[in-house]
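Encoded as structure tokens, the structure appears first; notes follow it.
The values are calculated or read from the model by the stated rules, or taken from the named source; none is laboratory data. All figures in this text were calculated on a predicted structure; none of them were measured in a lab. Neighbour counts run over all protein chains shown; Cβ positions are idealised from the backbone, glycine included.
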Amino acid sequence: MTIMEAQRSLMVTTLDPWQALPRVHQLAVAQAEGPAYRFEVRERRDEFAIIQLGLAGRGRVWLADGREVLVVPGEVMCVHTRRDAVRYGLLAGDRPWRFAYAELSGPAALAAVDELTARHGHVLVPADRRGLERLLTNFADRAGTHRAWWDSAASARTATAILTALMPRPGGEQQALAERALAFLDAHLGERVSVAEAAAELGVGREHLTRRLRALVGEAPASWLRRRRMERARELLAAPDARVATVAAAVGYRSLAQFARAYRDCFGCPPSTRL
């Protein structure tokens, strides 16, 4: 049994659709859990372009050549049902995967996703993550399934906006690679993850990835990672019931002394001052 709960969804009927224009079929926010959540894209009955944005946890995409690609928060999985020889889902032991997605139809939407995946693969960092998230999630203020009847122009505008927000920014594949690496590192702040592990995950050399990351963030990747851990720690310490030891572990530090020293170096004060 597939375990997926649609927390909010909008089923869209396009009135008098123009076949040449892209159309929105469904928008949804959902959470999947357990190894029963797995799809063979080619076996989907209806033909859609699926745009699925990770919000929390991580999903897995198995490509036709046998490689597995993770979808971490901020990344998007793009597939063309009944066409792409890929699978996606979860394995036993994976945390729940929360995501927002759109199902788009029409030749224009399908052709756009086909070209996008041919150039950048089935998992990518979108050009405008926040804009894409708004488009995929701001359709209802309450849980449940909702229905809407849009005219052809409204459906085409929303579908085109989703595809536009998805397109990688100028700068090409190298910038997209660096952004994927940052998303991977940011999703693993609670582990002692390194640039070398990110490079292995993305299938590139460590030195090459280090150069791309430095060009993107303007500092050494190790410095960026340390600072990002401290920023996350400061956010967690603001919680009323926060404990320094728990926060230290949550951002990948086993030693309280090392965590306190890193925090002081970053902010000029000990972490206990946030409590």
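Checking the structure you have, find out if any residue of region 19-30 is more than 27 Å from ALA183 (Cα to Cα) and either among the polar types (S, T, N, Q) or touching a His at 6+ places or on another chain (Cβ under 6 Å) (or both). So far as region 19-30 goes, yes, one or more of its residues are more than 27 Å from ALA183 (Cα to Cα) and either among the polar types (S, T, N, Q) or touching a His at 6+ places or on another chain (Cβ under 6 Å) (or both).
Does at least one position in region 103-116 carry a residue that is free of Cβ contacts under 8 Å to residues at least 60 places away in the same chain, within 30 Å of ALA198 (Cβ to Cβ) and touching a strand residue (DSSP E or B) at 6+ places or on another chain (Cβ under 9 Å)? So far as region 103-116 goes, yes, one or more of its residues are free of Cβ contacts under 8 Å to residues at least 60 places away in the same chain, within 30 Å of ALA198 (Cβ to Cβ) and touching a strand residue (DSSP E or B) at 6+ places or on another chain (Cβ under 9 Å).
Report, by residue number, each residue of region 129-160 that is in a helix (DSSP H, G or I) and of a type in the set (Gly, Ala, Ser). Across region 129-160, the qualifying residues are GLY131, SER152, ALA153, ALA154, SER155, ALA156, ALA159. In region 30-52, the count of residues that are assigned by TED's automatic domain parsing to the domain that holds LEU135, in contact with a helix residue (DSSP H, G or I) (Cβ under 9 Å, 6 or more places away or on another chain) and of a type in the set (Ser, Thr, Tyr) is zero. Within the set ARG212, ARG234, the sole residue that is modelled with pLDDT under 90, in the same structural domain as ALA181 (by TED's automatic domain parsing) and under 24 Å from the mean Cα position of the chain (by Cα) turns out to be ARG212.
Could you list all residues from region 175-197 that are over 17 Å from VAL251 (Cα atoms) and at pLDDT 80 or above? Give the steps one after another, and end with the answer.
Quick first cut of region 175-197, residues over 17 Å from VAL251 (Cα atoms) only: 175-181, 196.
ALA178, GLU179, ARG180, ALA181, ALA196 - these are the residues of region 175-197 that are over 17 Å from VAL251 (Cα atoms) and at pLDDT 80 or above.
Taking region 198-234 as the range and being part of a loop (DSSP other than H, G, I, E, B) and over 28 Å from PHE267 (Cα atoms) as the test, the residues that pass are GLY203, VAL204, GLY205.
State the number of residues belonging to region 21-53 that are farther than 27 Å from ALA154 by Cβ and surrounded by 13 or more Cβ atoms within 10 Å (Cβ to Cβ).
Total meeting the criteria: 11.
Here region 11-20 is the region considered, the condition is being more than 13 Å from ILE162 (Cβ to Cβ) and not acidic (Asp, Glu), and the residue that is surrounded by the most Cβ atoms within 10 Å (Cβ to Cβ) is THR14.
Select from region 113-128 the residues that are buried (at least 23 other Cβ atoms within 10 Å of the Cβ) and part of a helix (DSSP H, G or I) and list them in ascending order. The answer is VAL113, and nothing else.
Please specify each residue of region 224-254 satisfying the condition of being basic (Lys, Arg), closer than 23 Å to ARG212 by Cβ and in contact with a helix residue (DSSP H, G or I) (Cβ under 7 Å, 6 or more places away or on another chain).
ARG226, ARG227, ARG228, listed by residue number.
Residue by residue, here is whether (1) within 29 Å of LEU124 (Cβ to Cβ); (2) surrounded by fewer than 17 Cβ atoms within 10 Å (Cβ to Cβ); (3) touching a Cys at 6+ places or on another chain (Cβ under 7 Å); (4) not assigned by TED's automatic domain parsing to the domain that holds ALA56 holds:
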{"residue": "LEU177", "(1), (2), (3), (4)": "yes, no, no, yes"}
{"residue": "ALA187", "(1), (2), (3), (4)": "yes, no, no, yes"}
{"residue": "GLY190", "(1), (2), (3), (4)": "yes, yes, no, yes"}
{"residue": "VAL193", "(1), (2), (3), (4)": "yes, no, no, yes"}
{"residue": "GLY205", "(1), (2), (3), (4)": "yes, yes, no, yes"}
{"residue": "SER223", "(1), (2), (3), (4)": "yes, yes, no, yes"}
{"residue": "ALA239", "(1), (2), (3), (4)": "no, yes, no, yes"}
{"residue": "ALA260", "(1), (2), (3), (4)": "no, yes, no, yes"}
{"residue": "ASP265", "(1), (2), (3), (4)": "no, yes, no, yes"}
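Of the residues making up region 1-35, those that are at pLDDT below 85 and in a strand (DSSP E or B) are MET4, GLU5, ALA6, GLN7. The residue list ARG212, ARG227 contains one member that is touching a Cys at 6+ places or on another chain (Cβ under 8 Å), over 30 Å from THR14 (Cα atoms) and in contact (Cβ under 8 Å) with a residue 24 or more places away in the chain, which is ARG227.
Exactly one residue out of ALA108, ALA102, ALA159, ALA140 is touching a His at 6+ places or on another chain (Cβ under 6 Å) and either surrounded by 15 or more Cβ atoms within 10 Å (Cβ to Cβ) or of a type outside the set (Gly, Ala, Ser) (or both): that is ALA140.
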